[in-house]
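Asker: Here it is, the structure in full.
Derivation of every value follows stated rules applied to the coordinates shown; laboratory data play no part. Please read these numbers as outputs of a predicted model, since none were measured by experiment. Neighbour counts run over all protein chains shown; Cβ positions are idealised from the backbone, glycine included.
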Amino acid sequence: MNKKKQFAVIGLGRFGRAVTKTLVESGFDVFCCDKSMAIVKEMEPFVTKVVQADVTHENAVAALGLNNFDVVIIAIGDSLESAVMATLYAKEAGVRHIIAKAQNLAEKKILEKIGADTVIMPEMDSGRRLAINLTTTNVIEYISFSDKYAMAEIKPLREWVGLSIKEANIRAEYGFNIVAIKRNEDVLVSPVPQTIIKEDSLLVIIGENSKIQSFNS
């Protein structure tokens, strides 16, 4: 049996608490910490273990034993200094995968340079996602996973229905790839070029943000 991933969440603001509770609800053990004892007390009933710690102090971070976790999520939003120090200490501790939260592109670049494996910008990503969902009639779901690339779930255009993926020539015409097709409860992963696109299909695509954003009926 595969061992379940072990997660640590540093910083329990709104974003950190949401991540923590989602992981717990998904059946994972989560260790977390925050500098506020009031927040620590609030989270005690929900998590495996939660402690109060100031991650700007190396000794405090060392005591957390971050090297014991598969993924450490730096969810500090109110202090770039704290996010930087926590990321550096996690990197030095040998954490296998560090995910850090940034508030803007400048912070994202800094956190990437000092060792964060993944940097997310929740407010910017959710804003982009909302705008695309409001302005494109075919995009059902949109997730940006880098500055350049995104994944989306789209409805097929009328002219695609009844054609194979190859016949619809979607990659050449629109610049994105179909990685899965959803039909009711069924999901066809990595569909072959001969797969027929049906009216009730939802297409899961990957491509450049600009290509998906320009896709519209």
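Asker: Using the Karplus curve 6.51 cos²θ - 1.76 cosθ + 1.60 with θ = phi - 60°, what ³J(HN,Hα) values do you get for each residue of the stretch 183-200, in whole Hz, with x for Gly and Pro?
Answerer: Couplings: 9, 6, 8, 8, 10, 9, 8, 6, x, 6, x, 7, 4, 7, 8, 9, 4, 8 Hz.
Asker: Around ILE76, which amide H atoms from residues at least 5 apart in sequence, or from another chain, sit under 5 Å from its own amide H, with H modelled in the peptide plane?
Answerer: Residues meeting the amide H criterion: LYS101.
Asker: Now for a separate question. In debye, nearest 20: dipole of the stretch 1-131 around its Cα centre with unit charges on the Cβ of K, R (+) and D, E (-)?
Answerer: That gives a dipole near 380 debye.
Asker: If you don't mind, there's one more thing I want to ask. Please work out how much length the chain gains when fully extended from ALA106 to ASN169, using 0.36 nm per residue of separation minus the C-alpha to C-alpha distance, in nm with one decimal. If you can, show how the numbers build up before the last one.
Answerer: Values: separation 63, 0.36 × 63 = 22.68 nm, distance 3.83 nm.
Roughly 18.8 nm would be gained on extension.
Asker: Please arrange ARG17, ARG171, ARG96 by counting, for each residue, the other beta carbons lying within 10 Å of its beta carbon, fewest first.
Answerer: Fewest-to-most ranking of ARG17, ARG171, ARG96: ARG96, ARG171, ARG17.
Asker: Tally the DSSP beta bridges in the chain and give the antiparallel ones as a percent, rounded to 5.
Answerer: 55 percent
Asker: If I model a spin label as a point 7 Å beyond the Cα along the Cα-Cβ vector, how far apart are those points for PHE28 and SER210 in nm?
Answerer: Each label point is offset 7 Å from its Cα along the Cβ direction, giving 3.4 nm.
Asker: Out of GLY65, VAL55, ILE76, whose Cα points farthest toward the positive end of the dipole of the stretch 42-96 (charges: +1 Lys, Arg; -1 Asp, Glu; placed on Cβ)?
Answerer: The listed residue farthest towards the positive side: GLY65.
Asker: Kirkwood Rh, Cα Rg: Rg to Rh for the chain?
Answerer: With Rh from the inverse mean 1/r over Cα pairs, Rg/Rh is 1.07.
Asker: Under the 0.36 nm per residue contour assumption, what length would be gained going from the current alpha-carbon distance of LYS148 and LYS49 to full extension?
Answerer: Contour length minus the Cα-Cα distance gives 32.0 nm.
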